[in-house]
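Engineer: Below you will find the structure I want to go over with you.
The values are calculated or read from the model by the stated rules, or taken from the named source; none is laboratory data. Predicted model only: the values in this text are computed from it and were never measured. Methodologically, a virtual Cβ is constructed for each residue, glycine included, from the backbone with ideal geometry; neighbour enumeration extends over all protein chains shown. Surface accessibility is based on the protein's heavy atoms, side chains included, excluding ligands, DNA and RNA. Shrake-Rupley method; radii C 1.70, N 1.55, O 1.52, S 1.80 Å.
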Amino acid sequence: MKTISRISAIFMSLAMVVSLAACGTEKPAANDEASSAQEINTVSTEVKVGALFGPTGVSMAKLAMEKATIADAYSDGTNEYVNTYAADYVDEPTQMVAKLSSGEVDIACVPTNLAAKLYKVTNGNIKVAAVSTLGVLYMIDTSGEVKSVADLKGKTIYAPSSVQGSNPEYILNYVIAKNGLDDTKVSYEFTVDELTAKIVSGDVQTIMVPEPKATAIKGQLKKAEKEFSVTDIQAEWNKVCDTRIAQGVVVVRADWLKDNEGSFKTFLNDFAASSDAALNDLDNTVAAVVELGVIPNDALAKQAIPNCNIVCVTGDEMKSSVSGFINVLLEADPQSVGGAAPDDGFYYVG
């Protein structure tokens, strides 16, 4: 009997230990959890963004139409950064330079070589954060003689006056030089509208133009029942260069970024979503770019947007792409990027 009593006492002691242990692991009440959680503040910022009419404007279209954060807001654990957007579209890169310099625009899509020049003239107040377009240039020929770049030997290529001194000029010159076309000439004496009229009339036969003008000109030639061939300049570049074209980039003013990095990180999420919409939601993107005036009409936008090579490349991949492209331009023409490659301070990798 004493043995049984002793065993019973042992089991009762074990039961009490288990019971106490269970009490010790009970979860705190919901109110206790809420009181221990850190409160997240919402930081709302109006961000002034800019783009050019054309492919860079396509990248920004959804963001510009929604005028507010469309993706995940960035949170640092203390603050969540939610943006509203005021979008400004201009015709020429020089107009965007003025807006960035004056602070009218915080973030903008600009040609890559212009970004490098701005970094120099603003003493480092411009940083590049994303590649927005890879390449948007196409050659159109009505002579029936141009089946490859080699067939351009001895010919004159006409390009719009608006692209002289910017990426398209340097890209074309590079392709010409690498193909040994020393006697091929390039003329920038006409506007893009004048070139359209002249190639339709037959006054000129070989032109290089960016999208969406390339698609518009092809439509005019079809309407006039004229035969033509199209050469993808990006493909020709890739044949002679291991570095891909990074024609357009997103830049941010460094003085604005210093005080608004959380808001900028939210912007990058939104820009990625806007670029993705341009690639995967064509119908709504077409409606947006036409309403914004980025591309004149639905039919043109629907045909041109898939040829604009829209991307959103950030971080180390962005830095590698942009620095590689700038180095190619630097070797071809140092003045194309302001005389020297930007240092590492030029790149925002997050």
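Engineer: Just how much of L282 is accessible, in Å², when a 1.4 Å probe is used and the result is rounded to the nearest 10?
Structural biologist: Rounded to the nearest 10, that gives 50 Å².
Engineer: In Å, the Kirkwood hydrodynamic radius of the chain over pairs of distinct alpha carbons?
Structural biologist: Working: mean 1/r = 0.0437 Å⁻¹.
Taking the inverse mean of 1/r over all distinct Cα pairs, the chain comes out at 22.9 Å.
Engineer: In Å², what does the accessible area per residue of the stretch 30-137 work out to with a 1.4 Å probe?
Structural biologist: 44
Engineer: With no solvent and one equal point scatterer placed on each C-alpha of the stretch 267-317, evaluate the Debye formula and give log10 I(q)/I(0) for q = 0.18 Å⁻¹, two decimals.
Structural biologist: Scattering profile of the stretch 267-317, log10 relative to I(0): -0.57.
Engineer: Ok, one more. So what J values fall out for the stretch 219-233 if you push phi through Karplus, 6.51 cos²θ - 1.76 cosθ + 1.60 with θ = phi - 60°, rounded to Hz, Gly and Pro as x?
Structural biologist: Once rounded to whole Hz, the list reads x, 5, 5, 5, 4, 7, 6, 9, 6, 7, 10, 10, 10, 7, 5.
Engineer: Then there's this: With an 8 Å cut-off on Cα pairs and a minimum separation of 6 or more residues, tell me the relative contact order of the stretch 119-270 in percent.
Structural biologist: 42
Engineer: Rounded, prolate or oblate: which fits the stretch 245-336, taking a ≥ b ≥ c as square roots of the Cα gyration tensor eigenvalues, rounded meaning a/c under 1.5, else prolate when a/b beats b/c?
Structural biologist: oblate
Engineer: Using a cut-off of 20 Å between alpha-carbon atoms, which aspartates and glutamates can reach K62, once sequence neighbours fewer than 8 places away in the same chain are excluded?
Structural biologist: Leaving aside aspartates and glutamates fewer than 8 places away in the same chain, those within reach of K62 are E46, D72, D88, D91, D106, E211, D270, D276, D281, D283, E291, D298.
Engineer: If you line up the long axis of helix 261-280 against the longest principal axis of the chain, both from Cα atoms, how many degrees apart are they, to the nearest 10?
Structural biologist: 60
Engineer: Where the accessible area of the chain is counted over protein heavy atoms with a 1.4 Å probe, how much of it, in %, is carbon and sulfur?
Structural biologist: 49
Engineer: Which value, in Å² and to the nearest 10, is the accessible area of E169 when all protein chains are kept and the probe is 1.4 Å?
Structural biologist: 30
Engineer: Let me ask you something else. Which of these, A254, A288, A332, has the largest mean-square fluctuation under a Gaussian network model of the chain (Cα springs below 10 Å)?
Structural biologist: A332
Engineer: Any idea how far the Cα center of the stretch 154-199 sits from the one of the stretch 295-314, in Å?
Structural biologist: Centre-to-centre distance over Cα atoms comes out at 22 Å.
Engineer: If I build a Gaussian network model for the chain, linking alpha-carbon pairs within less than 10 angstrom, which residue out of T78, T243, T206 has the largest mean-square fluctuation?
Structural biologist: It is T78.
Engineer: Follow-up question, since we're still on this one. How big is the stretch 95-203 in terms of Cα radius of gyration and Dmax, in angstroms?
Structural biologist: In order Rg, Dmax, the Cα atoms of the stretch 95-203 give 17.1, 50 Å.
Engineer: How would R253, R244 line up by accessible area, probe 1.4 Å, largest first? It would help to have the intermediate numbers written out before the result.
Structural biologist: Values: R253 25, R244 90 Å².
The residues order as R244, R253, largest area first.
Engineer: When only C-alpha pairs under 8 Å and at least 6 residues apart count, what is the relative contact order of the chain, in percent?
Structural biologist: Over the chain, the number comes to 26 percent.
Engineer: I want to verify a result. In a Gaussian network model of the chain, Cα cutoff 10 Å, which of these has the top mean-square fluctuation: K127, K319, K239?
Structural biologist: With Cα springs under 10 Å in the chain, the top fluctuation among K127, K319, K239 is at K239.
Engineer: Restricting to DSSP loop positions (anything but H, G, I, E, B) with no more than 15 other Cβ atoms inside 10 Å of their own Cβ, which trypsin sites (Lys or Arg not before Pro) remain in the stretch 192-230?
Structural biologist: K226
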